[in-house]
Structure formats: structure tokens, C-alpha cells
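Notes follow the structure.
The values are calculated or read from the model by the stated rules, or taken from the named source; none is laboratory data. Note that the structure is predicted; figures quoted are calculated from it, not measured. With ideal geometry, Cβ positions are generated from the backbone for all residues, glycine too; neighbour counts draw on all protein chains shown. For the accessible areas, the whole protein counts, side chains as well, though only heavy atoms, and no ligand, DNA or RNA atoms are used. Shrake-Rupley method; radii C 1.70, N 1.55, O 1.52, S 1.80 Å.
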Amino acid sequence: MTCTAIINRNNMNIHTQIPLRNFTTMRLGGPARFMVDVHSVEELRDVHKNARQQNLRIFVIGGGSNLIAPDEGFDGLIIHMRIPGIHIIDDQPGHTIIKAGAGESWDDLVSKSVDMRLSGIEAMSAIPGTVGAAPVQNIGAYGQDMSDTLVSLEAFDTTTGSIVTLSNEACGFSYRHSIFRGDEKGRYIITSITVKLYKTLPTAPFYDSLQAYFDAKNISVFTHQTVRDAVIAIRHDKLPDPQIIANSGSFFKNAIIDDWRLPELKAKYPTIKVFTMTENRIKIPTGWLIEAAGLKGSLLHGIRIYEKNALVLVNESATTYDDLAKARDEIITKIHDMFQIVIEQEPLEVR
Ligand code: EPU
């Protein structure tokens, strides 16, 4: 038993052979050799040092809502991030700076910011998961994303054993991407984030589906709470609750392609939906592609392409990662054959 040193020194509970299916909202995945809850930077430092001495690989999980675990599990130590704390660190006439521990629930942070009548993250209401996971895939919804409000974050640098502060720019954010899932994958363990939120009211124009909701309900006075309530209602309608139905939210990223491809695609598929990204790049909603391919609502290897939103895969009866991988690959192949577009999985894998 290699983890005894960690248990004895820190009086922390190291669990062994923990099924990862219980810690990921897709409810798949084999056992983790070891798992430990970490509640402070000091605990993290000690756990990391001991794991390193014992040559154990580590992987950090938050809420498990954007993670897929393989059937073989993880032959190392899973660190379950639980660092708490939501604090105002600066309050100015026009804005407030808030620091939040990586283990806090993302939606608790959003809810508190709405109670404080602060603007910046209210449209990202009800996204499952933790604060520490938010920058990793640069979470976003209804016109806001993490990179709009993040000032900086603190992270444990596993290569030096020290805590570093990374500015927004240093995080290398782009659509659903950052250095934490890209070039520096595995290097940093995020311990807290600092966001700048504004003392302004949300104003139109809103993201299409949010505006459509307001129009349908005849809402024309907008507060942080009306935006939060609307987003929660829209999400409730279009996204399955991971507490009830096993899923990881959007299973694919939207497709970002060169704009020169558009005329040909439009000629073939006149109803194709397109959003401009940058000068030469366009975003095609993968939900539209999957629906247009006739896959919405299908059941593949126990995985259902959600009837209300084709971007979401629901684990209806799959028991293995292998089932999910087969379903995923069949969808990717079909989209490629039809549109010559390669779509990418959005959730990270525990590896
Ligand atoms: N669409 C379809 N068919 C579908 C689903 C979508 O045609 O089955 C079309 C819609 O009509 C719409 C377009 O695709 O024109 C975009 O759809 P939507 O506004 O629902 O957003 P999305 O691009 O599918 C993204 C995020 C969501 C986020 C929503 C709302 C990604 C991968 N997903 O989805 O995030 O809630 O925007 O802002 O970017 C998540 O990451 O887990 C997530 C749920």
C-alpha cells in the first residue's frame, strides 16, 4: 500500500478502488486506485509531494460534470478538489472583485453574485461543476464566458511545487479551451479564481434564445435575477439535469471552420446555421449538424442523442466507456461523411 505516508502525515482519508462512475455525471468509468479530498492549499502541497515521492500519477476532479472516465479506471491518485471560500477582495463604485476557492460550486458563486446585484456571470447560471473547472474549458453560456470576467487565477504548479498567479492572458483562453486542457495540460492545479463583476444592470441585446424567452414572457425590465431565472428555465427545458439523467452537458464542441467553406455548405444545406467567429472563421452549431444528419433522438450502444438538444449525449443504458466511445465515433464519422467537418468531444478524459 503506497499511500500510507499521506494518510499518516495529514490525517486525511485516502480511499482506495473508488469507482469513477460515482464521480462523473456520465456515470461511466472503472476504479481509481486512490482518491483523496483536498480542502486547502497546504493539504494539496502535502498530497502532491507524497504522491510524487511514491511515483503516483495524479488527476484532479471537481464536480465530474465535464469528465469521462475510461473502463480501466485510473492507476494513480485522484485529487477531489474541495478548497472553499467566496470573498470580496475589492469593492469599488463601479465593480467588485471576488475570489473563489476552486472547490466551490460554480452555481453558488453565480447565485451570490446575483444576490449582490453584480453583472458578468449571471448568464452562466446553473452550469454544473466547480469553480476550479470553469477556466479549464472556458465555460460559457448565453453570451458570457469565463474569459470575459476572469482577472487571474491561482494555481499549484506541479513542476515547481509553488503557487503561481496566472493572468487572464496567461490562461490562453479561446472557445471552450485554455492552456489547462492544451499545452500545459496536467501542469497546474487551479486553487482559486478572481473575477471582476460590474455594478451594472444586464442590458439587451441578449443571446437569441434568452431574448426569445423574454419576448415570449413579455419581460422588458431586466435585472440580474430575471436573467438568472430565464437561463435556469431555458436550461431546464433543453438540458437534462445530471442529478437525474446521466450526461455531461454538451458532448461536442461547436465546429469552427474556415469561412471559405460556407458557400458550398450553404448550397447543399440552405438552412445551415452559421455564426461568425473571427474574420476568416465561422462557427457551425454541432447540434444543428447532428440534427440535420437525422441522429437526434437515436439510441447508439445505450447512448441517446438527447431529443431536446442534439449536442447532448445521455447515458441511457450504456455500462462501459467503450459503448460511449462507439456511439461518439459513429456520430463523428457520420458528420464527417455528410459535411466533411470533424467534430470534437468537449468533456475531458480521466487519463
Ligand atoms: N441547434 C439545432 N439542433 C439542436 C441543438 C441546437 O439546430 O439539437 C441549433 C440551435 O437552433 C441554435 C444553435 O444550434 O441555432 C445553437 O444552439 P444553442 O443556443 O442551444 O447553443 P449550443 O451552441 O448548442 C452552446 C454551449 C452550451 C450553452 C449554450 C447556450 C457549447 C459546446 N455549448 O450550445 O453549453 O449552454 O451554447 O449559450 O459551446 C455545455 O458546454 O455543456 C453547454 C451546455
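Annotations for the structure displayed:
- ASN315, sole failed condition from (1) under 30 Å from GLY63 (Cβ atoms); (2) over 20 Å from the mean Cα position of the chain (by Cα): (2)
- The criterion of at least 1 residues that are under 30 Å from TYR321 (Cβ atoms), within 14 Å of the ligand (Cβ to nearest atom) and of a type in the set (A, V, I, L, M) is met, among strands (runs of 3 or more DSSP E) falling completely within the stretch 207-287, by 255-258, 281-284.
- Scanning the stretch 89-101 for residues that are surrounded by fewer than 22 Cβ atoms within 10 Å (Cβ to Cβ), under 30 Å from ASP183 (Cβ atoms) and of a type outside the set (Val, Ile, Thr) yields one hit, LYS99.
- The stretch 128-180: number of residues that are within 13 Å of the ligand (Cβ to nearest atom) and either basic (Lys, Arg) or farther than 27 Å from PHE251 by Cα (or both): 1
- For the stretch 288-332, the tally of residues that are assigned to a helix (DSSP H, G or I), away from the ligand (no atom under 13 Å from the Cβ) and either out of contact with any Pro (no Cβ under 8 Å at 6 or more places or on another chain) or among the charged types (D, E, K, R) (or both) stands at 10.
- Candidates in the stretch 8-31 are the residues that are open to solvent by 90 Å² or more (accessible area, probe 1.4 Å) and more than 13 Å from ILE68 (Cα to Cα); of these, the one that is modelled with the highest pLDDT is GLN17.
- Of all residues in the stretch 190-206, those that are outside any loop (DSSP other than H, G, I, E, B) and open to solvent by less than 40 Å² (accessible area, probe 1.4 Å) total 7.
- The residue pairs whose first member lies in the stretch 165-179 and is open to solvent by less than 30 Å² (accessible area, probe 1.4 Å), whose second member is modelled with pLDDT of 95 or more and acidic (Asp, Glu), and whose beta carbons are closer than 9 Å, counting only pairs six or more residues apart or on different chains, are LEU166/GLU154; SER178/GLU184.
- Exactly one residue among GLU104, GLU122 is buried (at least 24 other Cβ atoms within 10 Å of the Cβ), within 19 Å of the chain's Cα centre (by Cα) and either among the acidic types (Asp, Glu) or modelled with pLDDT under 95 (or both), and that residue is GLU122.
- Any chance ILE86 is modelled with pLDDT of 95 or more and open to solvent by less than 30 Å² (accessible area, probe 1.4 Å): no
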